[in-house]
Amino acid sequence: MYRKLIQIGLVYITVGTSLAQNPATSLSPQFPQDSDNITRIVGAAMTRGGAATFLETLTDSVGGRVTGSPECRAAAELILATLKRSGFETTHFEEYPMEARWQRGPATGQVLSPVTRPLFVGSYAWVPGTAGLIEAPLVDLGSPASKEIAADSGNLKGAAVLVDPHDTADSPAFVMRGALANELAAAGAAAMLIPSDKPNRMVYTSAFGFYPRGPLPVISVAKEDALFLRRLLAKGPVRVAFDIQNSFDTSPAKDRNVIADLPGANPDEIVLIGAHFDSWDPAQGANDDGSGVAAVLEAARVLKSLGLKPRRTIRFAFFSGEEEALLGSRAYVLAHQSELDQLRAVLIMDSGAQAPRGFHFQGRTDLKNTMGDLLSPLAPLGANGFSLAGSFDQDHAPFLVAGVPAATLWVDPGEYDVHHHSITDTYDKVDPRMLALDTAVMATAAYTLANAEQTPGRRLSQAEVTDLLKKAGLESTYRMVYRSGTLEKGGPYTPGCRRTGITPAVTPSQAWIAIAGEKNHFTGGTLRDDLPI
Ligand SMILES: [Zn+2]
């Protein structure tokens, strides 16, 4: 890493020159100082240390912050106060409803026979507890070929079922996980046990596919303990016991996003960069996604402190509800549908603070030339890579569904997966120099896209989005996310975010049609927010 920084300094000078040689890359006569501004942005982001300082406050004074919890509210307050203190007077909350809040309780597990031994376990989130201590025979389904449980899976009724959901050709493991949980519950299983893929007997947690309420207790079992259980089972019957004490609160509740703007010369045109401030509770949510929040917040402060006024407005969005079902970003898209035609680009940071490589543009081949050009100033930072990789597990996804050009920051994997959703996602796991570098990339990308003469990208039609999701293999995840927890469907609440004091402009059905931009999909009746796939 150290070597890379030195390299950066040197290379930058040459690229400065190459920028001049390449007029297409946003060096418009109206904004001749772009490369100078980019030098100032990168310099400030790399040297101020503001992202690391903010992250330390977030992790150490707020800690783990599950959506709907007091900690999540405190995080939103901290972000709002910090931005207001930095001159973003218009920073505000945008609320959205939650269908249920969830709280983790103590979780214990043990083998009862043939030997008595404690197990290292943890509960998935937004799933029920065991309603007291349960004892059950252990059944092992191994790694099923598909989401459907084979008819000959033996007697699952009342059993604790060990099973390994995994990626398949058309869907990531968490889609299979959600589907298998429904199948096991339908078969009357007492609990679903999923071997953790973490090292050192660590367990995992997630709510994807379970929000607002999973169908049965779903328990992460330490990898070493799952191997132990399978060795015992190979020799004869095994009985296990679990006591998981989770709780739900289905009383009306809301969480919120935090939104701040750096107004542009043309305030209606917007470039949005964002991250999510909700996290899991076993640790501090430092990498996921405290690092993204800190980088986006510091990028805002850097751009503000330099007195920059780009061509388009730069919007800084801090979402909650991401870990449950992209709740905050979905609510944002619904509430801001009248602006989506003017939303020129969305960049999300949510893969940890490792070395930046570029952005994943979700199968949007049509963006390659323009974005490749516009992001060329990131070359000296090693971050002008254009990838077509797609995913549906970050806050870019609702924008993707709405056809808006949306990308996620592409970083080296590093140890992100080790700490992801585990007890070790703590402040000390984030390298402040990499965090500063990612801040520089997010700030520079936002500025160059907001200042570009040409429009970074166009909004796709609903039919093109449907095609894109199919091609990118994102259909099943889209279905799972958009049908878990309905922000849009009826109920006591009108859809979308409610900017405190401002009622949303549209009814649900209008919302959908506006988003799709095509009138042929929705035929009245109850609102369905899904695409015809
Ligand atoms: Zn995340």
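The values are calculated or read from the model by the stated rules, or taken from the named source; none is laboratory data. Just so we're clear, the structure is a prediction, and the values are computed from it rather than from any experiment. Cβ sites come from the backbone with ideal geometry, for glycine too, and all protein chains shown count toward neighbours. Calculation scope for accessible area: heavy atoms of the full protein, side chains included, ligands and nucleic acids excluded. Shrake-Rupley method; radii C 1.70, N 1.55, O 1.52, S 1.80 Å.
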* Would you kindly state how much longer the chain becomes between SER113 and PHE248 on full extension, computed as 0.36 nm times their sequence separation minus their alpha carbon distance, in nm to one decimal? => 45.4 nm
* Under 5 Å, built H, 5+ apart or other chain: amide partners of ASP255 -> TYR96, MET98
* Structure fact -> Going residue by residue through the stretch 365-374, the Karplus relation 6.51 cos²θ - 1.76 cosθ + 1.60 with θ = phi - 60° gives ³J(HN,Hα) values, rounded to whole Hz and with x marking Gly or Pro, of 4, 5, 8, 3, 5, 4, 5, x, 5, 5
* Using 1/(1 + (r/R0)^6) with R0 = 22 angstrom and r between the beta carbons of SER61 and ARG85, what's the FRET efficiency to the nearest 0.05? -> 0.90
* How many percent of the accessible area of the stretch 410-459 is carbon or sulfur, using a 1.4 Å probe? -> 57 percent
* Structure fact -> Subtracting the Cα-Cα distance of LEU233 and ARG458 from 0.36 nm times their residue separation yields 75.4 nm
* Structure fact -> With the convex hull built on the alpha-carbon atoms of the stretch 122-253, volume per residue in Å³ sits at 114 Å³
* For the stretch 244-362, which whole percent of the accessible surface, found with a 1.4 angstrom probe, sits on carbon and sulfur atoms? -> 44 percent
* Asked: For the stretch 273-405, what size does the Cα cloud have along each of its three principal axes, sorted from largest down, in whole Å?
  -> 41, 32, 31
* Structure fact -> Output ordering of 326-333, 399-406, 168-175, 72-79 (per-residue mean of other Cβ within 10 Å, highest first) is 326-333, 399-406, 72-79, 168-175
* Placed amide H near ALA389: partners under 5 Å, 5+ positions off or other chain -> PHE361, GLN362, GLY363
* Structure fact -> For ASP140, other-chain or 5+-apart residues with amide H closer than 5 Å (H placed, Pro excluded) are LEU162
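Of the peptides 460-470, 269-279, 298-308, how do they stack up when ordered by the mean number of other Cβ atoms within 10 Å, highest first?
Per-residue Cβ counts within 10 Å, averaged per peptide and sorted highest first, yield 269-279, 298-308, 460-470.
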* Length gained when the stretch ASN155-ARG483 is fully extended (0.36 nm per residue, less Cα-Cα span) -> 115.1 nm
* Structure fact -> HN-Hα couplings for the stretch 128-137 via Karplus (6.51, -1.76, 1.60; θ = phi - 60°), in whole Hz with x for Gly/Pro, come out as x, x, 8, 6, x, 6, 10, 10, 7, x
* So what does the Cα-only Debye profile of the stretch 52-157 read at q = 0.13 Å⁻¹, as log10 I(q)/I(0), no solvent term? -> -0.78
* Asked: List the trypsin sites (Lys or Arg not before Pro) in the stretch 134-189 that DSSP assigns to loop (not H, G, I, E or B) and whose Cβ has at most 13 other Cβ atoms within 10 Å. Which are they?
  -> LYS157
* **the stretch 293-306 - phi-based ³J(HN,Hα) in whole Hz, Karplus 6.51/-1.76/1.60, Gly and Pro as x** => 4, 5, 5, 5, 5, 5, 4, 4, 5, 4, 5, 5, 5, 8
